[in-house]
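Dropping the structure in here first, questions after.
The values are calculated or read from the model by the stated rules, or taken from the named source; none is laboratory data. The structure presented is a predicted model; accordingly, all values stated were derived computationally and were not measured. Cβ placement follows ideal geometry from the backbone for every residue including glycine, while neighbour counts extend to all protein chains displayed.
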Amino acid sequence: METSSPVQGVLFDDRFLDKYAGSIISDPAIAIVELVANAWDAYATRVDIVWPQRTKGIAFSIKDNGKGMTPLQFNRRWKTLDYNRLTEEGNKSSPPEELKDALHRNPYGRNGKGRHAAFHFSDPYRVRTWRDGVETTYEVRRGTGTPFHVTELSSRSAVSGHGTEIVATASEGTSMTADEAREVIGLRFLADPNFVVSIDGTLVTFEDVPTQSIQKIHVDVAEFGKVDLIIIDTQKSDKTTKQHGIAWRVNSRLVGNQGWLGFDHERILDGRTTEAKRFQFIVSADILENAVLPDWSGFVANDEAWQATRTAVHAKINEHLLSLSAERRREAKRTVRETLDRTVRQLPPVGRDRWNQFVDEVIDACPTISTEEVSQIANILANLELSTSKYGLLKKLHDLKAGDFDALYELLDRWTVRLAKDALDEIQTRLKLVQDLDEKLRDEAMDEVGDLQPLFERSLWVFGPEFESLEFTSNKGMTQVIQSIFGANIPGSRLRPDFVMLPDGSVGLYGRDSHDLGHDVDGVSRLVVAEIKKPNVIIGSEQKGQAWKYVKELLERGLLSNAATVTCYVLGSKVDATENEPRTERNGRVTIIPMTYNVFVRRAEKRMLGLRDKLKDAPFLKERGFDGDGFIRSLSEPAADLLSL
C-alpha cells in the first residue's frame, strides 16, 4: 500500500533573521531610528517612547498616532519578507483623513525590514494597532524553521482614532541609554516641527543634539531681514539621504519636503555623496511668510524675498560644505596633477596655466565630483590644448542637441574616431563627385566635355560594383592608339594625355591588368571605355558603332586578348528612343551601353544609397551650393529619357 509523504515547505536556519536584518536588529541606534521612521511613514505627528530599564523592570515601548493598520494590512505588511512599500503603497505617504489638506510625506522605508528592529528590544514583542474602529493585538516571536511567527491575541471594535504601539514583553536592557537615544533621534527627526518624539515623557529637541554636531548661524538677507540656519551633522553617513537635506520652516511649519532638490528643481548636493547622507540644514525663515504657496508645498517662484533668501542661504550652505572639504579638495588636485603630469608637461606655458586654472575651478566649484571624473575631464582638456584645433571641438559639442549626444555616443561606441573619419571622408569625396557631375552634366552649354573625363575616371564605381577596384587606371597606351586613329594634332590631346578629344566629345580608356601563373602582367583583363558626347549629339546606332570601332582597332593591334572583357559606355544628354538597348559583340565579351547623363547621376545616387538626400544639410554640400530641397523635387519629377537602373 502506497503512502503519500507530506510536502516539505521551505525551512529557515535560526540565524536567518539576524543575517537578513543585520544591524537593524543588532545596533540599538539603527533599531530606534527604524522604528521612529516607521511612525513617520505612517504619517504620525507624535511618537512616545518608553526606554527600557532592566533594573527598574521597565520594558521598551513605542507608540504613535499614525494611520494604523487593519488586520488585512497588518498581515500583508508584517508577514511579507522584503515587503515592497513603493509598489504596495506608492512613493508618497498620504496623511490621515483629519489632515487631508497636509502635504504628502517622502517615506523613509522601502523594503519592510525596519519592523524587525523590535526584536532588538524583546523576543517576543507585541503589536497593537487600530484604525477604522477596529483594534487588533498580535504577538510576534522568532520561529524555529521559519523567520518568525505571528499570533493574533485579541481584537475589539468601536475603537476611536488610529495608531500603532509596539511593546516589549520583558524589561530587557540595551547598551544605549535614553539620553543617547535622544541624540540619535534629534540628529535625524527635527526638521518637521509637526513631527514630535518624546522619550520617557520628555520631547526630543535641538538641545538633545550634541554640541559638536549642531551649529547655528544667522544669515543676513539684504533688504528683507535675517533667517536662522541650523546645521546638524550626524558625524557619519547614513545609508540613504532620508531625513537629510535642506528643510525650510516658516512660522514653525515645514514648507514642502526636506531634501537636496530645491523648489526650482535645482539639485543642491549630489545624493550619492557622503555629505548628502550626513547633513541636515534647517532654515527658519519667518520673513518668507508672504511668499509661501497656499498649500505649503513651496514658495512663490518670482517672489523677491524668496529669491534673495534662497540665494543667501544656498551660498552659506555651499560655503560650509567647502570649508569641510578643503583638505579633500587639495588632495584631489594633487592626485589629478600627478596622474596627468606627463601629458601636461608637453603643454606650452600658457596652455599649462589654463589647464591648472581649470582643475582648481572645477574641484572648488564642484566639491562632490570624484577625483576620477575630474581626471577624465582634465585629460580631455590637456589633449585639446595639444591638438591643432584647440577648443573648436568644444564649440561643436556645445552646439549639439540632446539627441545628437546620444548619436555621438553610439558612434564612438561602435567605431574608432580614425576609422569613422576614413569612412566619412570616402563618403564625402564621392558625394562631392556626384555633386560635380550633377552640375556639369546638366549644363547643356558646356563646350569642354573633356573636363568631364577626369571626373569619370574617379566615377567608375557608378557603373557597378565590379569597377570598385583601385586597380582600374587610365590606360595611356590604348589612349595613344585612339589618338593615332584621329590624328595627333587634335586639340587638347597633348594637354590631356589620359583621354582623347573628339569633334563631338571625348573618349577615356580605363583598364585592369591580367596576370599569368607567375603573377606577371600579361595584358588587360577588363577594359572600360567611357565616351562622353556633347549636349547636341543624340546617341544612336552610329555612336554605338563608333565605340565598337575603337575596340576593333585595339584587338587588331594586339592590345586586347581574346579573353579580355570590354564595356563601352556612350553617354550623352539624350538617347535615340530606338537605341536604348545595349549592343553586344564577340559573343558578349564586348558590351556597348548607351546612357543619358540623367541616368548616370541617378545611378550614382543609388550606388551611394541615397545619402545625398539624407545628408543634404551637410556643411560640405552646402558650401558647394547644393540645393537639397530642389534636388529632392527633381527626384520626384518623371523623366521620359531615363533607362531602367
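Which ones in the stretch 212-263 are part of a loop (DSSP other than H, G, I, E, B) and more than 31 Å from the chain's Cα centre (by Cα)?
Once the filter is applied, which keeps residues that are part of a loop (DSSP other than H, G, I, E, B) and more than 31 Å from the chain's Cα centre (by Cα), the stretch 212-263 yields A222, E223, F224, T234, Q235, K236, N251, S252.
Also, I was wondering about something else. Please go through the stretch 160-187 and give me each residue that is more than 20 Å from A39 (Cα to Cα) and aliphatic (A, V, I, L, M), ordered by number.
A170, M176
While we're on this one: Going through S198, S171, S175 one at a time, which residue ends up being touching a residue at least 60 places away in the same chain (Cβ under 8 Å), loosely packed, with under 15 Cβ neighbours inside 10 Å and hydroxyl-bearing (S, T, Y)?
Result of the check over S198, S171, S175: S175.
Looking at the stretch 160-179, is at least one residue assigned by TED's automatic domain parsing to the domain that holds A102, of a type outside the set (G, A, S), touching a Leu at 6+ places or on another chain (Cβ under 8 Å) and closer than 28 Å to L17 by Cβ? Walk me through it before giving the result.
The initial filter retains those residues of the stretch 160-179 that are assigned by TED's automatic domain parsing to the domain that holds A102, namely 160-179.
Checking which are of a type outside the set (G, A, S) leaves us with 162, 164-167, 169, 172, 174, 176-177, 179.
Filter once more, keeping what is touching a Leu at 6+ places or on another chain (Cβ under 8 Å): 166.
Still in the running and closer than 28 Å to L17 by Cβ: 166.
Yes, the stretch 160-179 has at least one match.
Under 25 Å from W296 (Cα atoms), assigned by TED's automatic domain parsing to the domain that holds T144 and either of a type in the set (S, T, N, Q) or assigned to a helix (DSSP H, G or I) (or both): does that describe N38? Explain how you work it out, then say what you get.
Values: under 25 Å from W296 (Cα atoms): yes; assigned by TED's automatic domain parsing to the domain that holds T144: yes; either of a type in the set (S, T, N, Q) or assigned to a helix (DSSP H, G or I) (or both): yes.
Considered against the rule, which asks whether it is under 25 Å from W296 (Cα atoms), assigned by TED's automatic domain parsing to the domain that holds T144 and either of a type in the set (S, T, N, Q) or assigned to a helix (DSSP H, G or I) (or both), N38 comes out as yes.
Which ranges mark the helices (runs of 4 or more DSSP H) fully within the stretch 322-375 that have 1 or more residues being surrounded by fewer than 13 Cβ atoms within 10 Å (Cβ to Cβ) and of a type in the set (S, T, N, Q)?
Details: elements: 326-339, 341-344, 349-365.
Where helices (runs of 4 or more DSSP H) fall fully within the stretch 322-375 and carry at least 1 residues being surrounded by fewer than 13 Cβ atoms within 10 Å (Cβ to Cβ) and of a type in the set (S, T, N, Q), they are 349-365.
I would also like to ask the following. Would you check if there is a residue in the stretch 56-70 being part of a loop (DSSP other than H, G, I, E, B), touching a residue at least 12 places away in the same chain (Cβ under 8 Å) and of a type in the set (D, E)?
Taking the stretch 56-70 first, the residues part of a loop (DSSP other than H, G, I, E, B) are 57, 59-60, 65-70.
Next, from what is left, pick out any that are touching a residue at least 12 places away in the same chain (Cβ under 8 Å): 57, 59-60, 65-70.
Filter again for of a type in the set (D, E), leaving none.
Taking every residue of the stretch 56-70 in turn, none turns out to be part of a loop (DSSP other than H, G, I, E, B), touching a residue at least 12 places away in the same chain (Cβ under 8 Å) and of a type in the set (D, E).
I'd like to verify a number: residues in the stretch 77-117 that are not small (G, A, S) and not in a loop (DSSP other than H, G, I, E, B), how many?
Going residue by residue through the stretch 77-117, those that are not small (G, A, S) are 77-89, 91-92, 95-101, 103-108, 110-111, 113, 115-116.
Within this subset, residues satisfying the condition of being not in a loop (DSSP other than H, G, I, E, B) are 77-79, 85-89, 97-99, 105, 113, 115-116.
Summing the residues that are not small (G, A, S) and not in a loop (DSSP other than H, G, I, E, B) in the stretch 77-117 gives 15.
Filter the stretch 152-168 down to the residues that are part of a strand (DSSP E or B) and either within 50 Å of the chain's Cα centre (by Cα) or aliphatic (A, V, I, L, M) (or both), then identify the one that is surrounded by the fewest Cβ atoms within 10 Å (Cβ to Cβ).
Residue satisfying both the conditions and the ranking: L153.
For the stretch 264-300, what are the residues that are out of contact with any strand residue (DSSP E or B) (no Cβ under 6 Å at 6 or more places or on another chain), assigned to a loop (DSSP other than H, G, I, E, B) and not charged (D, E, K, R)?
Correct list: H265, I268, L269, G271, T273, T274, L293, P294, V300.
Quick check on my filter: what residues within the stretch 253-266 are more than 18 Å from N91 (Cβ to Cβ) and at pLDDT below 85?
G262, F263, D264, E266
With respect to the numbered conditions (1) surrounded by fewer than 20 Cβ atoms within 10 Å (Cβ to Cβ); (2) over 47 Å from the mean Cα position of the chain (by Cα); (3) free of Cβ contacts under 8 Å to residues at least 60 places away in the same chain, which one is the sole condition not fulfilled by Y125?
(1)
Kindly establish whether A291 is in contact with an Asp or Glu (Cβ under 6 Å, 6 or more places away or on another chain), of a type in the set (A, V, I, L, M, F, W, C) and surrounded by 16 or more Cβ atoms within 10 Å (Cβ to Cβ).
yes
Spot the failing condition for F281; the list is (1) loosely packed, with under 13 Cβ neighbours inside 10 Å; (2) under 34 Å from the mean Cα position of the chain (by Cα); (3) among the aromatic types (F, W, Y), and only one is missed.
Failed condition: (1).
Same structure again: Restricting the first residue to the stretch 544-561 and requiring it to be part of a helix (DSSP H, G or I), which pairs with a second residue that is of a type in the set (F, W, Y) meet a Cβ separation below 9 Å and a spacing of at least six or different chains?
Listed by first residue and then by second, the contacts come to A547/Y569.
Would you confirm whether any residue within the stretch 566-584 is in a strand (DSSP E or B), without any contact (Cβ under 8 Å) to a residue 24 or more places away in the chain and assigned by TED's automatic domain parsing to the domain that holds G511?
Yes: the stretch 566-584 contains one or more residues that are in a strand (DSSP E or B), without any contact (Cβ under 8 Å) to a residue 24 or more places away in the chain and assigned by TED's automatic domain parsing to the domain that holds G511.
Taking the stretch 182-232 as the search range and keeping residues that are basic (K, R) and either touching a Pro at 6+ places or on another chain (Cβ under 8 Å) or not assigned by TED's automatic domain parsing to the domain that holds Q280 (or both), which one is nearest to N290 (Cα to Cα)?
By that ranking, first place goes to R188.
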